[in-house]
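The values are calculated or read from the model by the stated rules, or taken from the named source; none is laboratory data. For clarity, every value in this text was computed on a predicted model and none was experimentally measured. Cβ placement follows ideal geometry from the backbone for every residue including glycine, while neighbour counts extend to all protein chains displayed. These area figures cover heavy atoms from the full protein model, side chains too; ligands, DNA and RNA do not enter into them. Shrake-Rupley method; radii C 1.70, N 1.55, O 1.52, S 1.80 Å.
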Amino acid sequence: MIEVVETFESTEHGEAQERVACPLCGAMDERLVLEGRDLLFAKPGAYRLVRCQGCALEYVNPRPTPTALGPHYPNNYFGYALHDEAPPLMEPLLRWFARGISLRRIRFLERAVGRLNPDVDMIDVGCGTNRLLSHIKELRGCVGLGVDFNPEIVAYVRDRLEMPVALGTLETADLGQRHFDVVSMMEYLEHEPDPKRVLMEARRITRPGGHLALELPHIAGPPGRLFRSLWWNLDLPRHLVFFTPKTLARMLDEAGYELVAVHTFSFPFYVGMSIAQALGLRHWDRHRRAFPLIASILGLPVWPLTFLLPEFMFAVARAK
Ligand SMILES: [Zn+2]
């Protein structure tokens, strides 16, 4: 379990914050990498990204306490945004984009675990509006269980999509003694204050030989190193822990998994988001109608170079 060294109130903007030891190795020997701000919702305060000198994990320190994190997740945060709330012209584009994301995830996953079929017992942790499981159901006939801690989103998945869903986290959702073939966490682990504990919980519900699929930012990719505090995927202070394949492999090993595959990738859209932030366009709330379109246009010229600019990892690990 992660060690909280001290809790205090930020002198800059009064937020309850905590200082922690390294979430991977427990050392308290860190070096400042950069200082960044919340560019998405433009809330006050600066946050420090540090690198552990013991294991090279990068993480936010100090950071909001678990209670203070709540207000950083309004209902219009991405995982919770619904297509039917999008402007009419953007709606088909967003649907196409979401489908492309799911298809890529399914392709990476199946390359490591074989073709998904209706017998596969799968759970998606931090499922949001359940797009991945909806696409897997449509394409493979496999009906997985979603888990999310947002009650409104859980009600949407249950009542509107009519798909199985549990409210809570892996620790609090009532999953009984189930053991899953596939546990997935898409753009989830980086939000967790204690990622090793989450991976150990995931291991508890994965059958031996079963798999864990993770998609998360790749801090050591060129966009992360080039754009630094303006990197779209920094997303402070919602992203708390940043991995490389090496630090991820070590944490997975300590949680009872063996890392078997890592794909790194990007989309022009994401590079466009970082370019937009570097050009001074920030604060998603204010520009929410125009931002996706502007980011798509700015990202278009780098389309042929996308393979050189990985900023995400899709990793698959096998339960030992
Ligand atoms: Zn460390």
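Summed over the stretch 214-250, residues that are outside any helix (DSSP H, G or I), under 12 Å from the mean Cα position of the chain (by Cα) and of a type outside the set (Val, Ile, Thr) total 11. Residues in the stretch 1-40 that are closer than 12 Å to residue 63 by Cβ, within 16 Å of the ligand (Cβ to nearest atom) and among the aliphatic types (A, V, I, L, M): 2, 4, 5, 20.
Looking at residue 194, is it farther than 30 Å from residue 22 by Cβ and either at pLDDT 95 or above or open to solvent by 90 Å² or more (accessible area, probe 1.4 Å) (or both)? Judged against the criteria, residue 194 is not a match. Scanning the stretch 52-61 for residues that are near the ligand (Cβ under 10 Å from one of its atoms), crowded, with 20+ Cβ neighbours inside 10 Å and part of a loop (DSSP other than H, G, I, E, B) yields a single hit, 57.
The rows are residues; the columns are (1) closer than 30 Å to residue 17 by Cβ; (2) in contact with a Leu (Cβ under 8 Å, 6 or more places away or on another chain); (3) at pLDDT below 95; (4) open to solvent by less than 30 Å² (accessible area, probe 1.4 Å).
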site: 50; (1), (2), (3), (4): yes, yes, no, yes
site: 63; (1), (2), (3), (4): yes, yes, no, yes
site: 66; (1), (2), (3), (4): yes, no, yes, no
site: 98; (1), (2), (3), (4): no, no, yes, yes
site: 134; (1), (2), (3), (4): no, yes, no, no
site: 159; (1), (2), (3), (4): no, no, no, no
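Per the listing 261, 295, the residue uniquely in contact with a helix residue (DSSP H, G or I) (Cβ under 6 Å, 6 or more places away or on another chain), in contact (Cβ under 8 Å) with a residue 24 or more places away in the chain and surrounded by fewer than 18 Cβ atoms within 10 Å (Cβ to Cβ) is 261. Residues in the stretch 239-257: is at least one surrounded by 19 or more Cβ atoms within 10 Å (Cβ to Cβ) and at pLDDT below 95? Within the stretch 239-257, not a single residue is surrounded by 19 or more Cβ atoms within 10 Å (Cβ to Cβ) and at pLDDT below 95. All conditions but one from (1) buried (at least 22 other Cβ atoms within 10 Å of the Cβ); (2) more than 11 Å from the ligand (Cβ to nearest atom) apply to residue 43; the one that does not is (1). Looking across the stretch 11-24 at every residue that is open to solvent by less than 30 Å² (accessible area, probe 1.4 Å) and in contact (Cβ under 8 Å) with a residue 40 or more places away in the chain, the one that is nearest to residue 77 (Cα to Cα) is identified as 15. Restricting 279, 308 to residues that are of a type in the set (A, V, I, L, M), open to solvent by 50 Å² or more (accessible area, probe 1.4 Å) and within 30 Å of residue 113 (Cβ to Cβ) narrows the list to 308. Within the stretch 68-93, count every residue that is modelled with pLDDT of 75 or more and farther than 30 Å from residue 245 by Cβ. So the answer is 7.
A Cβ distance below 7 Å, combined with a sequence gap of six or more or placement on separate chains, defines the contacts here; from the stretch 25-48, residues that are at positive phi reach residues that are more than 16 Å from the ligand (Cβ to nearest atom) and of a type in the set (S, T, N, Q) in the pairs 45/10.
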